[in-house]
Every structure is written in C-alpha cells, then in structure tokens.
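**Student:** My questions all concern the structure below.
The values are calculated or read from the model by the stated rules, or taken from the named source; none is laboratory data. Since the model is a prediction, treat every value here as computed from it, not as a measurement. Glycine gets a Cβ as well: all are built from the backbone with ideal geometry, and neighbour counts include every protein chain shown. Keep in mind that these areas ignore ligands, DNA and RNA; they rest on the heavy atoms of the full protein, side chains included. Shrake-Rupley method; radii C 1.70, N 1.55, O 1.52, S 1.80 Å.
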Amino acid sequence: MKKIRYLLPIFCLAFCVACMDSSDPDPQPQVPDDPVGQGGDMTMIYMGDFMDAAHPTSGKASADPKTSVLKFTDFKTDNGPLLEVYLATDTKASEFVTLGKLKGLQGDFSYDMPEEIDLEKYQYVLIWCVEFSVNFGHAKIEK
C-alpha cells in the first residue's frame, strides 16, 4: 500500500505531462519590442474613396509613402480621351504631379509615386481628362 501512495503522484505527473500538447499555440500572444521592425518608424497609409465629379467614379485609393506606391482597388470610371492620374492640391488641379495615363477603366491598379512626395500637400487623387481639363472623379487621401 505504501508503494501505491508513492507511485500515485508520479503517475499523476506523468499523465499531466502526456496530456499537454506542445503544438498548442501560446495563449499569450508574443508582441515584439519593435512592432514595425524599423526603430518604431510606423508608416501611415493614406486612404480615400473615389467620388464622382464630371463622370461616375468609384473605388478606393491608398498611398504608401514608404514604398511610393499608389493603389486603386475596385476602381471604376467612364471612358474619355487621354485620362491621366494626378496627385493634386485640390480638385481643380491647380497644382499637381502626374503619375501617367490611367491604366484601365475598371479593376485594381498601382502607380509609382515620386519619392518623398508630400501627401499632406497633394491630398487629392484625380482622374483627369487632359484634352478637356475635366476632373472625371477624385479621392481625398488621408491618414
């Protein structure tokens, strides 16, 4: 009987260890000291929804200053002569930087932006008809 009394705790310990599954994820999520991995330099993405101007225009625009890429998602607009993508200070293209010809009338597209573009100044993404100086549609991108 004494042997059973001594073996019982060993049996319980062995049983508990066997029941523990080492493949279970740690219930406490691991949070790195530096979540961005760049000395805490968190990049802010600028985003906005396209709105109609002279023509129906929809979708989302997002700009990442770190990668200098402007993306259109679920984009759609009408066809027109010589449509370009502008980053502008207002919806009238008073001051703008062209990113080139519009790549398509519907879908997802990416455009390279000039490095170090000031997206606080150039807050508007315009679909601009060069021939008639008309804003087809635009998105105001903000943090």
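**Student:** If you check GLY80 against the conditions, is it open to solvent by 20 Å² or more (accessible area, probe 1.4 Å), over 18 Å from ASP49 (Cα atoms) and either modelled with pLDDT under 95 or hydroxyl-bearing (Ser, Thr, Tyr) (or both)?
**Tutor:** In short, yes.
**Student:** Shifting gears a bit: For the stretch 104-113, check the following and say yes or no: at least one residue is modelled with pLDDT under 95 and under 21 Å from MET44 (Cα atoms).
**Tutor:** Taking every residue of the stretch 104-113 in turn, none turns out to be modelled with pLDDT under 95 and under 21 Å from MET44 (Cα atoms).
**Student:** When only residues in the stretch 100-120 that are over 17 Å from ALA88 (Cβ atoms) and open to solvent by less than 50 Å² (accessible area, probe 1.4 Å) count, which is farthest from the chain's Cα centre (by Cα)?
**Tutor:** By that ranking, first place goes to GLY104.
**Student:** Turning to a different aspect of this structure: Looking for whichever is among the aliphatic types (A, V, I, L, M), touching a Gly at 6+ places or on another chain (Cβ under 8 Å), open to solvent by less than 40 Å² (accessible area, probe 1.4 Å) and modelled with pLDDT of 95 or more here; the options are VAL97, VAL69, VAL85. Which one fits?
**Tutor:** Values: VAL97 fails: touching a Gly at 6+ places or on another chain (Cβ under 8 Å); VAL69 fails: touching a Gly at 6+ places or on another chain (Cβ under 8 Å).
Of VAL97, VAL69, VAL85, the one residue that is among the aliphatic types (A, V, I, L, M), touching a Gly at 6+ places or on another chain (Cβ under 8 Å), open to solvent by less than 40 Å² (accessible area, probe 1.4 Å) and modelled with pLDDT of 95 or more is VAL85.
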